[in-house]
Amino acid sequence: MRPVPVSPTPDGARLGARLRAARKAHGYTLDQLASAAGLTKGFLSRVERDETSLSVASLITLCEVMSINPGSLFDAPDVAVVRHDSAPAINLGGTGVDERLMTPRGQARVQLVHTSAEPGATGGSDLYTINCDVEVVYVLKGTVDIVFADRRERLAAGDALTMRGGEPHTWENPSRSRPAEIVWALSPAPWSGSR
């Protein structure tokens with residue numbers, strides 16, 4: 001049997017951006033980290049731009065200085081795609097709506113809900129609250145009124161409103177002829193599997 005030469009893939013392991021993100025997350029300047037790891041600033045800068053590679057020993061030293069596991073730099077990104085057509089339909093109590101959960105059910109930090117609201121659709125006649133710290137309403141299409149106990153805020157396409165999660169409110173599509181589309185961002189996620 002003849003040996004087959006092994007060559008690296010043309011993409012290689014691109015660690016530069018991950019190293020830069022780790023450095024910044026730990027509050028190091030390029031100078032500080034290079035000095036602590038016994039490297040030059042110029043060399044570390046080239047590493048972060050993926051213009052050169054580190055030796056295994058230098059990689060381990062950098063990781064020790066930043067107190068991170070070297071293996072974490074090679075982990076696949078934690079990405080979850082939710083397609084609108086297959087997103088779970090949910091019912092938050094509104095009428096004339098199609099609501100879809102656009103984040104995975106187990107996502108505890110944030111939750112996105114996409115609402116398609118028919119003309120005259122509403123979140124209900126009674127004010128309600130959501131068990132989260134922050135709620136953001138972003139209007140994609142049409143017009144939406146966010147109704148509070150003492151006032152009403154009209155939002156048009158492209159407008160956003162941010163409020164405390166415990167703020168009593170409801171909403172409605174005031175148009176009798178045009179649908180509206182809304183995205184609700186809730187943090188932390190009020191209906192995740194971990195809460």
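Test residue 14 against the criterion of being surrounded by fewer than 16 Cβ atoms within 10 Å (Cβ to Cβ), among the charged types (D, E, K, R) and modelled with pLDDT under 90, and give yes or no.
yes
Quick one: residue 107 ticks every box in (1) surrounded by fewer than 17 Cβ atoms within 10 Å (Cβ to Cβ); (2) at pLDDT below 95; (3) closer than 17 Å to residue 90 by Cβ except a single one, so which number is it?
With respect to (1) surrounded by fewer than 17 Cβ atoms within 10 Å (Cβ to Cβ); (2) at pLDDT below 95; (3) closer than 17 Å to residue 90 by Cβ, residue 107 is out only on (1).
Could you list, in sequence order, the residues of the range 32-67 that are over 13 Å from residue 16 (Cα atoms) and in a loop (DSSP other than H, G, I, E, B)?
38, 39, 40, 55, 67
Are any of the residues in the range 25-45 loosely packed, with under 13 Cβ neighbours inside 10 Å, within 20 Å of the chain's Cα centre (by Cα) and outside the structural domain of residue 122 (by TED's automatic domain parsing)?
yes
Considering every residue within the range 58-72, establish whether at least one is exposed (fewer than 10 other Cβ atoms within 10 Å of the Cβ), within 25 Å of residue 126 (Cα to Cα) and not aromatic (Phe, Trp, Tyr).
No, the range 58-72 contains no residue that is exposed (fewer than 10 other Cβ atoms within 10 Å of the Cβ), within 25 Å of residue 126 (Cα to Cα) and not aromatic (Phe, Trp, Tyr).
The values are calculated or read from the model by the stated rules, or taken from the named source; none is laboratory data. Since the structure is predicted, the reported quantities are computational estimates derived from the model, not experimental observations. All Cβ positions, even for glycine, are placed from backbone atoms using ideal geometry, and neighbour counts span all protein chains on display.
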